[in-house]
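Encoded as structure tokens, the structure appears first; notes follow it.
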Amino acid sequence: MVHTFYMRHCIMKIREPDIRLKSVGVCIYCLRAPPEVRLTAEHIIPKGLGGNLVLVDASCLECAVVTGRFEQKLLRDTFRNIRGALGISSGRRKKDRQTHAKVKRGVKPDQTEVELPFSEGMPFCGTFLTTPGPPNIFHGQNAPDSPYKMTFIFSPLFKSRMETYLTKHSGKGTYEFLATFWDGNFCQMLAKIAHSFAVAHLGVDGFKPYLTEYIRAKDPPRDFTYIGGQALDVDNPALHDITLVVAPKRYRTALGIAEKEFVLVELCLLANCRAPNYLIVVGEPIP
């Protein structure tokens, strides 16, 4: 496959300093601008996941409430244990920082909830959404749903530490990590990251966007029209890895795509834990 790379950004460490990009001057989701609305900064990858790219004056307060709602829902539930184990926090309030993982011990229906501390180097596992192929739009389909599965990711030290750790803190038994996977909100977050990363390089008028309506929706279902994700078994030292791509003809032909050109973003969150790689269609180029 041949890619034309326009921009790639890797976050290698958990607490890298913010990189503030130039001011956008308009909301990248609803396209309203001052004085009609007041604009605020937008982290491309949420700060609560260690994101450090910041678009200045890029989101109106109304859209910021929408994106903040689904991001906080994921950070405080779906990614709670992962963030705590890695020591990732938004840095705002100390009381919000996770110090223990919530797990259930035992066999249903006789399970009990226990908390295991992160401070002693607890390994972790997490759940990500994957699909069996590229986004449906590649095949001329607008069907939002398609077969999918949940993929577990593990820290590099999971196998060597987990049995010892659980035995030390809770005794022997079966353990279930407590976290709810909000699949629709997760797809929203992927769409928001990809769209804002494309804007960072191409500008708000540099492509015809596909995802803004979905990003602004209230608790939408999962949608694979423009999002595809596949599990990877490769080593990547980056915490997060994101690349903006315009697919040339040979690349599109290899995937069986029509002649239409797309603006794509390849995204791997928690890449160093062998998390899935997502391919997100953010729109189409403007001639």
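Set the Förster radius R0 to 51 Å, insert the Cβ-Cβ distance between residue 216 and residue 107 as r into 1/(1 + (r/R0)^6), and round the FRET efficiency to 0.05.
After rounding, the FRET efficiency stands at 0.75.
Kindly provide the GluC sites (Glu not before Pro) of segment 1-91 that DSSP labels as loop, not H, G, I, E or B, and whose Cβ sees at most 10 other Cβ atoms within 10 Å.
Those that pass, being in a loop and sparsely packed, are 36.
Count the net charge of all other residues whose Cβ sits under 14 Å from the Cβ of residue 10, scoring Lys and Arg as +1 and Asp and Glu as -1.
Once all neighbours under 14 Å are counted, the net charge is -2.
Between residue 230 and residue 37, what length in nm is gained on full extension when 0.36 nm per residue of separation is reduced by their alpha carbon distance?
Details: separation 193, 0.36 × 193 = 69.48 nm, distance 3.88 nm.
Contour length minus the Cα-Cα distance gives 65.6 nm.
How would you rank 192-199, 235-242, 6-13, 222-229, highest first, on the average number of other Cβ atoms within 10 Å across their residues?
Taking the mean over residues of other Cβ atoms within 10 Å, the ranking is 192-199, 222-229, 235-242, 6-13.
Of the cross-linked pairs 108/218; 13/208; 13/102; 22/47; 47/108, which ones have a Cα-Cα span greater than 29 Å in the structure shown?
Distance filter (> 29 Å) returns 108/218; 13/208; 47/108.
Counting only other residues whose beta carbon sits under 11 Å from that of residue 78, what net charge do I get with K and R as +1, D and E as -1?
Working: positive: 73, 76, 80, 83; negative: 71, 77, 183.
Result for the neighbourhood of residue 78: +1.
Where a number appears in this text, it was derived from the coordinates with a stated rule and is not lab data. Predicted, not measured: the structure shown is a model, and the values here were computed from it. Counting neighbours? That spans all protein chains shown, and the Cβs are built from the backbone with ideal geometry, glycine included.
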